[in-house]
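Novice: Have a look at this one before I ask anything.
The values are calculated or read from the model by the stated rules, or taken from the named source; none is laboratory data. A quick note: this is a predicted structure, and the numbers were derived from the prediction, not measured. When we count neighbours, we look across all protein chains shown, and the Cβ atoms used for this are built from the backbone with ideal geometry, even at glycine. These area figures cover heavy atoms from the full protein model, side chains too; ligands, DNA and RNA do not enter into them. Shrake-Rupley method; radii C 1.70, N 1.55, O 1.52, S 1.80 Å.
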Amino acid sequence: MTTTVPALSAASATADFERIQLERRDLRPDDVRIDIRWAGICHSDIHTKREEWGEASFPLTPGHEILGTVVEVGDEVTTHAVGDVVGVGCFVDSCMECAPCKDGEEQYCEKGGVQTYGAVGYDGEVTQGGYSGQVVVRDHFVVKIPDSFTEDEYAAVTPLLCAGITTYHPLKAHGVGPGKRVAVVGLGGLGHVAVKIAVAMGAEVSVLSRTDAKKEDGLSFGAQHYYATEDESVFEELAGSFDVILNTVGAGIPLDAFMGLLDRGGVLHNVGAPEEDLTVSAFSLLVKRRSLAGNMIGGLPETQEMIDFCAEHDVTATVEVIDAGQVDDYYDKVVSGDVRYRAVIDTATL
Ligand code: NAP
Ligand code: ZN
């Protein structure tokens with residue numbers, strides 16, 4: 001027995017999304033059923049659907065920025081109740097026994113955690129994501145949306161489930177706060193949230209965007225400085241002037257040029273996941289003992305911490321709410337860098 005819900009689904013890498021009916025499983029004792037209200041479009045959805053990261057599993061319903069209301073809970077669920085407003089990010093299951101799982105870094109599960117869509121779950125079923133009316137998720141992978149966020153803000157809270165945690169983790173891990181000079185490369189979905197979080201952490205924040213087109217917005221998000229990297233003189237002007245550079249670009253960038261902007265001991269932290277390799281010269285690291293780092297989203301405890309931090313500091317994404325029929329067009333808009341700054345699907349239009 002399953003429940004049938006409306007969803008968007010792509011039959012292949014090149015096919016447009018179609019409206020379909022999707023089956024959601026009956027609840028296991030530790031499951032939560034969520035009526036989805038909003039679903040963000042992350043660039044990772046596009047890399048996946050277009051098979052830029054290799055073969056994808058079709059038919060595919062993407063979506064790993066999910067916000068909605070709990071409508072049913074399994075017998076053993078104690079942490080969530082019917083009526084709670086909750087979120088789901090990139091993972092819906094993991095082994096819960098290996099060292100990363102025990103450390104609350106379920107995304108690095110040694111058995112291989114189960115991603116929210118396009119992954120084979122431990123029951124052998126392929127997962128399907130948030131561009132749908134409902135989702136059924138193991139309780140541990142469900143995040144509480146703090147009460148201080150209002151219903152009007154929920155669409156803008158939704159991107160925090162991926163863009164928020166992916167950028168909060170490195171900013172926190174590198175001790176971003178007062179006195180730290182932080183640059184965010186790429187003012188897209190992840191980048192604009194990174195700017196807002198780094199500002200909330202008290203850092204001195206610079207935006208490194210390709211052009212001046214987003215300058216007013218970048219400064220309105222709280223960044224103190226904004227530079228257009230199409231002007232190559234920026235790389236001389238800013239040489240050695242940052243402690244942390246967070247690269248959020250989903251395409252290849254010349255890492256060595258950006259490495260040159262780090263001060264002694266600085267770190268270039270990459271979260272972008274382009275299909276091409278990112279390469280770096282050994283000397284970019286040796287000079288000024290710089291380092292290069294990366295991360296895949298964040299674990300569940302840190303995701304809850306991030307949402308609570310954002311609620312406390314009034315950080316939400318800046319979003320364009322779209323209808324289900326606009327998703328194909330918005331995939332192109334995301335790739336051309338034209339979305340201001342995250343597209344979120346109103347699932348009532350599915
Ligand atoms: P996005 O909304 O498309 O933003 C990326 C930004 O990068 C664009 O707005 C643009 O900013 C800049 N950009 C785009 N194409 C560029 C190019 N050819 N050269 C230089 N800059 C370019 O994407 P997103 O959703 O933020 O995701 C960004 C990347 O992070 C993707 O690769 C995604 O898969 C990855 N990701 C990784 C994780 C993780 O766990 N590590 C999680 C989520 C997403 P400007 O216009 O300001 O230059
Ligand atoms: Zn994502």
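Novice: Could you tell me the relative contact order of the range 163-294? Use alpha-carbon pairs under 8 Å, at least six residues apart, and round to a whole percent.
Specialist: Answer for the range 163-294 is 21 percent.
Novice: Among the aspartates and glutamates, select those whose C-alpha is under 19 Å from the C-alpha of residue 214, and discard any that sit fewer than 8 residues away in the same chain.
Specialist: 204, 230, 231, 232, 320, 332, 338
Novice: Name the shape class, rounded, prolate or oblate, that the alpha-carbon gyration tensor gives for the range 163-294, where a ≥ b ≥ c are the square roots of its eigenvalues, rounded holds for a/c under 1.5, and otherwise prolate holds if a/b is larger than b/c and oblate otherwise.
Specialist: Rounded, because the longest to shortest axis ratio a/c is under 1.5.
Novice: Which pairs, out of 215/333; 144/172; 196/333; 49/180; 144/333, put more than 29 Å between their alpha-carbon atoms?
Specialist: 49/180; 144/333
Novice: Return one quarter of the surface area of the convex hull spanned by the alpha-carbon atoms of the range 12-146, equal to its mean projected area, in nm².
Specialist: 8.4 nm²
Novice: Determine ³J(HN,Hα), in whole Hz, for all residues of the range 337-347 in sequence, where each value follows from phi through the Karplus function 6.51 cos²θ - 1.76 cosθ + 1.60 and θ = phi - 60°; x replaces Gly and Pro.
Specialist: Karplus values, whole Hz, x for Gly and Pro: x, 9, 8, 10, 10, 9, 8, 10, 7, 7, 6.
Novice: Next question, about the same structure. For the range 238-327, count all C-alpha to C-alpha pairs, find those more than 16 Å apart, and express that count as a whole percent of the total.
Specialist: For the range 238-327, the share of Cα pairs beyond 16 Å comes to 66 percent.
Novice: What is the projected area of the convex hull of the Cα atoms of the range 78-157, averaged over all directions, in nm²?
Specialist: For the Cα atoms of the range 78-157, the hull's average projected area reads 6.3 nm².
Novice: Continuing with the same structure: In deg cm²/dmol, rounded to 500, what helix-only [θ] at 222 nm does the chain give when every DSSP H run of at least 4 residues adds -39500 (n - 2.57) and the total is split over its residues?
Specialist: -6000 deg cm²/dmol
Novice: While we're on this one: Within 10 Å, count the other beta carbons around each residue, average over each peptide in 22-30, 164-172, 82-90, and list them highest first.
Specialist: Highest to lowest by the protection proxy: 164-172, 82-90, 22-30.
Novice: Which helices count as membrane-span-like in the chain under these terms: full DSSP H, at least 15 Å along the axis by C-alpha, Kyte-Doolittle mean of 1.0 or more?
Specialist: The qualifying helices are 189-200.
Novice: At 7 Å along the Cα-to-beta-carbon direction for both residue 55 and residue 123, put a label point, then send me their distance in nm to one decimal.
Specialist: 2.5 nm
Novice: Where only protein heavy atoms count, and the probe is 1.4 Å, what is the accessible area per residue for the range 163-294 in Å²?
Specialist: The answer is 41 Å² per residue.
Novice: Determine the dipole magnitude for the range 79-195: charges of +1 sit on the beta-carbon of Lys and Arg, -1 on that of Asp and Glu, nothing else is charged, the reference point is the Cα centre, and the result goes in debye to the nearest 20.
Specialist: With only Lys, Arg, Asp and Glu charged at Cβ, the dipole is about 580 debye.
Novice: So how do 301-307, 193-199 stack up, highest first, on mean other-Cβ count within 10 Å?
Specialist: Put in order of decreasing packing, that is 193-199, 301-307.
Novice: Right, next: What percent do you get for the relative contact order of the chain when only Cα pairs under 8 Å and 6+ apart count?
Specialist: Relative contact order comes out at 18 percent.
Novice: Another question, then. Using each residue's phi in the range 25-36, evaluate 6.51 cos²θ - 1.76 cosθ + 1.60 at θ = phi - 60° and report the 3J(HN,Hα) Karplus result to the nearest Hz, with x for Gly and Pro.
Specialist: 5, 5, 6, 7, x, 10, 9, 10, 9, 10, 7, 7
Novice: Of 294, 259, 272, which is farthest towards the positive pole of the range 163-294's charge dipole, taken about the Cα centre with +1 and -1 on the beta-carbons of Lys, Arg and Asp, Glu respectively?
Specialist: 294
Novice: Which of the three applies to the range 1-67, rounded, prolate or oblate, going by the alpha-carbon gyration tensor with a ≥ b ≥ c and a/c under 1.5 meaning rounded?
Specialist: prolate
Novice: If you average the alpha carbon positions of the range 17-32 and of the range 125-142, how far apart do those two centres end up, in angstrom?
Specialist: Result: 7 Å between the Cα centres.
Novice: Find how many whole Å separate the alpha carbon centroid of the range 316-347 from the alpha carbon centroid of the range 102-116.
Specialist: Here the answer is 28 Å between Cα centres.
Novice: So how strong a dipole does the chain carry about its Cα centre when Lys and Arg Cβ are +1 and Asp and Glu Cβ are -1, to the nearest 20 debye?
Specialist: Using only the charged Cβ atoms, the result is roughly 800 debye.
Novice: Once you place label points 7 Å from the Cα toward the Cβ at residue 348 and residue 215, how far apart are they in nm?
Specialist: 3.9 nm
Novice: OK, next. Could you give each residue of the range 81-91 its phi-based ³J(HN,Hα) in whole Hz, using Karplus coefficients 6.51, -1.76, 1.60 with θ = phi - 60°, and x for Gly or Pro?
Specialist: Those phi angles translate into 9, 4, x, 5, 8, 9, x, 9, x, 7, 10 Hz.
Novice: Another question about this same structure. State to the nearest 20 debye the size of the charge dipole of the range 163-294 about its Cα centre, where the only charges are +1 on K and R beta carbons and -1 on D and E beta carbons.
Specialist: 640 debye
Novice: Check residue 37: other-chain or 5+ apart residues with amide H under 5 Å from its amide H, H built from backbone geometry?
Specialist: Under 5 Å from the amide H of residue 37 lie the amide H atoms of 67, 68, 69, each far enough along the sequence or on another chain.
Novice: Can you bin every Cα-Cα distance in the chain into 10 Å intervals starting at zero and give me the percent of pairs per bin, rounded to whole numbers?
Specialist: Histogram of Cα-Cα distances, whole percents per bin: 6, 26, 34, 23, 9, 2, 0.
Novice: For the chain, build the charge dipole from Cβ charges (+1 Lys, Arg; -1 Asp, Glu) around the Cα centre, then report which of 190, 134, 205 sits farthest towards its positive end.
Specialist: So the residue furthest toward the plus end is 205.
Novice: As a test of reading the structure, rank 201, 96, 296 by solvent-accessible area (1.4 Å probe, protein chains only), most first.
Specialist: 296, 96, 201
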